[in-house]
Amino acid sequence: MKLPIILHPDPRLKTSCTPVADVSDALRKLGADMLETMYLAPGIGLAAPQVGIMSRVVVVDCMNGEGDTPRPIVMLNPEVVSRSDETSVYEEGCLSLPDQFADVTRPAEVEVAWMDLDGKANSEVFRGLWATCIQHEIDHLDGKLFIDYLKPLKRQLITRKMKKMKRELARA
Ligand code: NI
């Protein structure tokens, strides 16, 4: 089921999320719905607060090139356990800020630990777009958006544009 995506600014996007305790059918359904919502958007990552669920759940799949084999991952309680000193810059966007993009510098490589939908502990080192995307999604769980890395003027400009977009959507 496709879920409605919350647009910035919204207090839910500024709130820290609660850890998931146990895997449940409801959580499996949420994971499937979030993946469907992400693919349809289309996007490469989505965090639960973006669909109004204040739990530490993200979905990612950065195999977005033509001919790539999809690799959907549902991460429960994801955590960056180590990060490289080396950084990389990607132009980031966000499904909660449609049409807004900006360069963000982050560690180029991160080791991420998470629980999967079988309740199993996982950890893996991610680099490139995967590393950026997963860090972006984990930030959402802490109420942080990619625009929080920008200079205040640029952030305010994007927020003004988003407020205008939301007013127009509300009127439509
Ligand atoms: Ni985002």
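Could you work out how far apart the two model spin labels at residue 155 and residue 121 are, taking each label as a point 7 Å from the Cα in the direction of the beta carbon, and quote it in nm?
3.5 nm
Based on alpha-carbon centroids, what's the gap between the range 112-172 and the range 1-54 in Å, whole number please?
With the range 112-172 and the range 1-54 each reduced to a Cα centre, they are spaced 12 Å.
In the chain, if the dipole is taken from +1 on Lys/Arg beta carbons and -1 on Asp/Glu beta carbons about the Cα centre, which of 87, 140, 74 is farthest to the positive end?
140
Classify the chain as rounded, prolate or oblate, taking a ≥ b ≥ c as the square roots of the eigenvalues of its Cα gyration tensor: rounded when a/c is under 1.5, otherwise prolate if a/b is larger than b/c and oblate if not.
Oblate shape, in that a/c is at least 1.5 and b/c is the bigger or equal ratio.
Which loop-located trypsin sites (Lys or Arg not before Pro) does the range 107-149 contain, where loop means any DSSP state but H, G, I, E or B and the Cβ has at most 14 other Cβ atoms within 10 Å?
Passing both the DSSP loop test and the Cβ count: 120.
Say a site is exposed when it is one of the GluC sites (Glu not before Pro), sits in a DSSP loop, and has at most 10 other Cβ atoms within 10 Å; what is then the longest site-free stretch of the chain?
87-172
With Cβ to Cβ distances under 13 Å as the rule, what net charge do the other residues near residue 16 carry (K, R +1; D, E -1)?
+2
Using +1 on the beta carbon of Lys and Arg, -1 on that of Asp and Glu, and nothing else charged, what's the dipole of the chain about the Cα centre, debye to 20?
Here the chain has a charge dipole of around 1140 debye.
Every read-out reported here was derived from the displayed coordinates using simple, explicitly stated rules and does not represent laboratory data. Bear in mind the structure is a predicted one, so any value in this text is a computation, not a measurement. Note that we place each Cβ from the backbone using ideal geometry, even for glycine, and neighbour counts take in every protein chain shown.
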